[in-house]
Structure formats: C-alpha cells, structure tokens
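*Asks:* A single structure is presented below for examination.
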Amino acid sequence: MPTTTENTLIIAKFGGTSVADFDAMNRSADIVLTDPNVRIVVLSASAGVTNLLVALAEGLAPAERTANLDKIRQIQYAIVNRLTHPDVIREEIDRMLDNVARLSEATALATSNALTDELVSHGELMSTLLFVEILRERNVPSEWFDVRKIMRTNDRFGRAEPDCDALGELTQSQLQPRLAQGNLIITQGFIGSEAKGRTTTLGRGGSDYTAALLGEALRVNRIDIWTDVPGIYTTDPRVVPAAKRIDLITFEEAAEMATFGAKVLHPATLLPAVRSDIPVFVGSSKDPAAGGTLVCNQTENPPLFRALALRRKQTLLTLHSLNMLHARGFLAEVFSILARHNISVDLITTSEVNVALTLDTTGSTSTGDSLLSSALLTELSSLCRVEVEENLSLVALIGNQLSQACGVGKEVFGVLEPFNIRLICYGASTHNLCFLVPSSDAEQVVQTLHRNLFEE
Ligand code: ADP
Ligand code: ASP
Ligand code: MG
C-alpha cells in the first residue's frame, strides 16, 4: 500500500469478502491498525448476506424464508462465536436478526422497495457492530457510527441518489467533531436515509460509492478500497487468469472500466474522487503486501489499449418506424418516453428507419426490479414497432485516443471473426470502443481480445 506522511487522513473501505468471517475481519483490522492515518472505516455486509436479504425482501414462502434466515444467522454467529466474549455482542446481533425475521414476515403481506431497503440495511449494520467488537477485543477502541445520520439521499429506494450538500453539512456537524476527538470511526457502506428518515440503499455494490462520498465530504487525502483482488487488472482475472495488474491508472480510464462492468469499483465511485481530486487505492485485504492500483489524475504514457470490461445481462431495444424517414423529432419523443420512465440510454446506433439502443444498468438496483417495465413498452409501442432482445453482453475496450488511432477496427474485429457482433459504438468517446455479443460468447470474446491486445 502507498506510504503516507503524518497529517494524512485516509478512509478505508472493506468489501464483503474482506468481512466475510472472523479471520477476514481480523485481516482487515490488521490493515486498519497498520496505518494510523486510517481514521474512518466503511464496511459492506459479510459476503453472501446482502443476497440472502434481497431474496427475503422479495417475499419467500415460509420454508424458504426460514432457510434464508438460518443462513444469515449462521454467517453472523460464526463470527460471534469466535470472539473471546461472545455474550457482549450476541444480544445486539439477535436483536438485528429478530428485526430481519419480523420484516421478512411482513413481505408475505406486501413487498415494497422501502421495506426492501430497510431489510437489506441489516447486513451492513451487523458487520459494523461485529467489527467494532473485534477491534475492542484487540484493545482498540472505536466508535460505531450510523451512516444514515449523514448519508442523506432522495427516496428512490433501491438506487437512491445522495444529496451531496446535505451530506457535506451533516458530515461537518455530526462526524467531523468525532474524528477531531481522535476517534476511529466504523460505519456502513451502501445505506442512507431519505428526508423522512426511512432507510435507502445506493444500489448493489454501493459501499465503494459511500467511501468516496464520505471521503469527499471529509476532504480525505486518499480513499482505500480493500477487496479480494490486489488491484485493477487489464480485465477481470476470473475471466482471464493471465490478466495483468495496472499499477497506475487515470480517473477517466478507471471510471470507464467501472461504468462498463469492471465490478471491482462501483460505477459511481470515481465521481466524488475526480470532483475533489482524491487518489483511490485498490488492494487485496487477503494480501496487502501484494500492493495494488493507484487511481489518480494523470499517468505517464497512457497506452492505446488499457483494459477490457464485460457487462452481462444487457437488453437491446430495436425501434422501427417508417415515420423516421426524413422526419424530425422521432428520437426526441423516444428519449422523452425513456426519461419519463427514469431510464438513461447507454449505447445507441441509428439507421434510416431503425434505432437500436441498450439501457443503462449502471449501479443496478438493490431491489432486483427490471428497468424494462410493461408500461414503458406499451408507451413505446404506440410510437413504433419495438423488438426486445435479452441474453446479450457488452464488451468494452478501454483506452486512450482510440478514435484517433489508425487500424483499431481491424485489430479488434479482425480477431473476432468467428463471433456475431450485434452492435458497435465507436468514435463518440476517445476512451472506449463498445459492442454487444451473445452472452454465451462473451467470455470467449474477452479472452480472445485479451490474448491479442494485451498478452503479446
Ligand atoms: P467487494 O465485495 O470487495 O466490493 P467485488 O466482488 O464487488 O468485491 O469486486 C471485486 C471483483 O471484481 C473481483 O473479484 C473480480 O472478479 C472483479 N473484477 C472485474 N473486473 C475486474 C478488473 N478489471 N480488475 C480486478 N477485478 C475485477
Ligand atoms: N452489501 C452491498 C451489496 O452486496 C453493498 C456492497 O457490498 O458494496 O451490494
Ligand atoms: Mg464491490
């Protein structure tokens, strides 16, 4: 991890695998204690817990509900039972688990996005309580802080948007004084609260975003993201084991990667970091000595090809209307319908009478709602013929000056001859070239491209 000097303030975020069990939590605690500049810690729920909570929120049959509750209890009890004095915390964890049971029973009557967020928030609430207790047993006092006191959001449950002005003010009044007293703060990622005090969530994987938002509000010197890979790689190392770590990468490149599916960072994470020019470090809590990636403002000699990203489960909408022929305003109408349904468009190509587009699934909801509602389809169908295709994946080549270089098209598509490419976007951004392929081919396409563009 990068070295720091005195008077540096660092916010450290640990993801689900970094707080998955007692040993993982202790490794993360070691990292926190290694650097006295780490004064604020943001945690995800223990691995697997959020998925189980989301399933409960969908309203399971009683038997499945009991099974899910048991699994959550087992994950959290496995940590409690390794403590030297488990009784200190067991009561509080039991209270949380009782809440979860009560709320999931309520889903048998009616499900709602607000209820989902309330339920799902318990993952982060429990992991942070346990982490504070682990630190206490190691004779390190720390303060459990409920981030909902300061993470003010709108009421778009499942994918709430932060109110950065309110966050800034609340941070100054509620959090800053505690830090000034020298307290080590342990708080939750992912969750927030809207104006009426109801719990919200920032979308799946949102703890990275929390860390960046708090980092900005506290004007920290660095945001450390501790996960299960020692940095950002040229592509997902699970898909291409030969992927190489990128030691230094620019905000722009990393933001493109995150937007186009590199799960290692939540897509919105870099917004606050870029705005406030705060470097972001990404490393592995399993192997901190392995170093990691530093995301910063500038790098020397930015390469033409930087990385490949893969985003699965894409929906392609093809709109066909003869009215488009030499007409004006058709696209404006399509976009206003999409905007009314809260959908932003991701990729788009047009021909004389067709428009093909994909929906932006950036920061998917915590509630599992589909973006494509039947109300939206009905409205679009009144305007044109609509075709919907699923089972597609988006592959993005991220780089620099891509649209200014000669031969990029040949280099990329020449090696993809055996594959059916469904839609191509190239030229709008100098930082990416994107295309859709059938999901069944996606990994092979990434492997083929990686071999040809990054391994030779
Ligand atoms: P956490 O729970 O710590 O937030 P995530 O599972 O959200 O962790 O993100 C880490 C995962 O991101 C890695 O295990 C890896 O499979 C995946 N990933 C996708 N693209 C990349 C990439 N380019 N570099 C590194 N990891 C990546
Ligand atoms: N626990 C949440 C999730 O699984 C948030 C996070 O891990 O960042 O999506
Ligand atoms: Mg994540």
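The values are calculated or read from the model by the stated rules, or taken from the named source; none is laboratory data. Predicted model only: the values in this text are computed from it and were never measured. Cβ coordinates were reconstructed from backbone atoms using ideal geometry, including for glycine residues, and neighbour counts include every protein chain displayed.
*Asks:* Out of 11, 40, report the one residue that is modelled with pLDDT of 95 or more, within 16 Å of ligand 3 (Cβ to nearest atom) and more than 30 Å from residue 111 (Cβ to Cβ).
*Replies:* None of the other options fit; the residue is 11.
*Asks:* To continue, here is another question. One residue is enough: does region 264-282 have a residue meeting the conditions more than 21 Å from residue 401 (Cα to Cα), part of a strand (DSSP E or B) and within 16 Å of ligand 2 (Cβ to nearest atom)?
*Replies:* Yes, some residue in region 264-282 is more than 21 Å from residue 401 (Cα to Cα), part of a strand (DSSP E or B) and within 16 Å of ligand 2 (Cβ to nearest atom).
*Asks:* Looking at region 42-84, which of the residues that are farther than 17 Å from residue 17 by Cβ and among the hydroxyl-bearing types (Ser, Thr, Tyr) is surrounded by the fewest Cβ atoms within 10 Å (Cβ to Cβ)?
*Replies:* Only one residue fits best here, namely 84.
*Asks:* Please verify whether residue 229 is more than 14 Å from ligand 3 (Cβ to nearest atom), touching a Lys or Arg at 6+ places or on another chain (Cβ under 9 Å) and at pLDDT 95 or above, treating the condition exactly as stated.
*Replies:* No: the conditions fail for residue 229.
*Asks:* Something else about it: Is it true that some residue in region 206-223 is modelled with pLDDT of 95 or more, in contact with a helix residue (DSSP H, G or I) (Cβ under 8 Å, 6 or more places away or on another chain) and of a type in the set (Asp, Glu)?
*Replies:* Yes: one or more hits.
*Asks:* Would you mind telling me which numbered condition in (1) closer than 17 Å to residue 216 by Cβ; (2) crowded, with 17+ Cβ neighbours inside 10 Å residue 165 fails?
*Replies:* Among (1) closer than 17 Å to residue 216 by Cβ; (2) crowded, with 17+ Cβ neighbours inside 10 Å, the lone unmet condition for residue 165 is (2).
Residues are listed down the side, and each one gets a yes or a no for (1) surrounded by fewer than 18 Cβ atoms within 10 Å (Cβ to Cβ); (2) not β-branched (Val, Ile, Thr):
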| position | (1), (2) |
| --- | --- |
| 348 | yes, no |
| 352 | yes, yes |
| 391 | yes, yes |
| 396 | no, yes |
| 426 | yes, yes |
| 434 | no, yes |
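*Asks:* With a cut-off of at least 1 residues that are within 13 Å of ligand 1 (Cβ to nearest atom), crowded, with 22+ Cβ neighbours inside 10 Å and within 21 Å of the chain's Cα centre (by Cα), name the strands (runs of 3 or more DSSP E) lying wholly within region 179-236.
*Replies:* Ranges flagged: 222-227.
*Asks:* What's the number of the condition residue 46 fails, among (1) touching a residue at least 24 places away in the same chain (Cβ under 8 Å); (2) assigned to a helix (DSSP H, G or I)?
*Replies:* Against the list (1) touching a residue at least 24 places away in the same chain (Cβ under 8 Å); (2) assigned to a helix (DSSP H, G or I), residue 46 comes up short only on (2).
Here's the yes/no breakdown for (1) under 28 Å from the mean Cα position of the chain (by Cα); (2) among the small types (Gly, Ala, Ser); (3) closer than 25 Å to residue 265 by Cβ; (4) at pLDDT 95 or above:
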{"residue": "378", "(1), (2), (3), (4)": "no, no, no, no"}
{"residue": "396", "(1), (2), (3), (4)": "yes, yes, yes, yes"}
{"residue": "416", "(1), (2), (3), (4)": "no, no, no, yes"}
{"residue": "442", "(1), (2), (3), (4)": "yes, yes, yes, yes"}
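*Asks:* Being small (Gly, Ala, Ser) and either assigned to a loop (DSSP other than H, G, I, E, B) or modelled with pLDDT under 95 (or both) is the requirement here; does residue 429 meet it?
*Replies:* It is true that residue 429 is small (Gly, Ala, Ser) and either assigned to a loop (DSSP other than H, G, I, E, B) or modelled with pLDDT under 95 (or both).
*Asks:* Moving on. So if I check each of 71, 13, which one is within 27 Å of the chain's Cα centre (by Cα), charged (D, E, K, R) and more than 16 Å from ligand 1 (Cβ to nearest atom)?
*Replies:* 71
*Asks:* Moving to a separate point now. For residue 254, all conditions in the list (1) surrounded by fewer than 18 Cβ atoms within 10 Å (Cβ to Cβ); (2) within 11 Å of ligand 1 (Cβ to nearest atom) hold save one; what is the number of the exception?
*Replies:* Here residue 254 clears every test but (1).
*Asks:* Test each condition in (1) at pLDDT 95 or above; (2) within 14 Å of ligand 3 (Cβ to nearest atom) for residue 191 and report the one that comes out false.
*Replies:* For residue 191, the failing item is (2).
*Asks:* Still on this structure, please answer the following. Please go through region 43-75 and give me each residue that is within 16 Å of ligand 3 (Cβ to nearest atom) and not hydrophobic (A, V, I, L, M, F, W, C), ordered by number.
*Replies:* Once the filter is applied, which keeps residues that are within 16 Å of ligand 3 (Cβ to nearest atom) and not hydrophobic (A, V, I, L, M, F, W, C), region 43-75 yields 44, 46, 48, 50, 51.
*Asks:* Among the listed residues 276, 284, which satisfies the condition of being closer than 18 Å to residue 236 by Cα, out of contact with any Ser or Thr (no Cβ under 6 Å at 6 or more places or on another chain) and of a type outside the set (Asp, Glu)?
*Replies:* 284 is the lone residue from the list that is closer than 18 Å to residue 236 by Cα, out of contact with any Ser or Thr (no Cβ under 6 Å at 6 or more places or on another chain) and of a type outside the set (Asp, Glu).
*Asks:* Does residue 336 fit the bill of being surrounded by 14 or more Cβ atoms within 10 Å (Cβ to Cβ) and over 30 Å from residue 10 (Cβ atoms)?
*Replies:* When the stated conditions are applied, residue 336 does not pass them.
*Asks:* Check whether at least one residue in region 96-112 is touching a residue at least 40 places away in the same chain (Cβ under 8 Å), exposed (fewer than 15 other Cβ atoms within 10 Å of the Cβ), more than 16 Å from ligand 1 (Cβ to nearest atom) and not in a loop (DSSP other than H, G, I, E, B), and report yes or no.
*Replies:* Scanning region 96-112 turns up at least one residue that is touching a residue at least 40 places away in the same chain (Cβ under 8 Å), exposed (fewer than 15 other Cβ atoms within 10 Å of the Cβ), more than 16 Å from ligand 1 (Cβ to nearest atom) and not in a loop (DSSP other than H, G, I, E, B).
*Asks:* Mind checking which residues of region 273-328 are farther than 22 Å from residue 396 by Cα and of a type in the set (Lys, Arg)?
*Replies:* 275, 286, 328, listed by residue number.
*Asks:* A further question on this structure: Would you mention how many residues in region 237-259 are in contact with an Asp or Glu (Cβ under 9 Å, 6 or more places away or on another chain), part of a loop (DSSP other than H, G, I, E, B) and not aliphatic (A, V, I, L, M)?
*Replies:* 1
*Asks:* Tell me which residues, restricted to region 158-201, are over 24 Å from residue 133 (Cβ atoms) and among the charged types (D, E, K, R).
*Replies:* 159, 161, 163, 165, 169, 194, 196, 198
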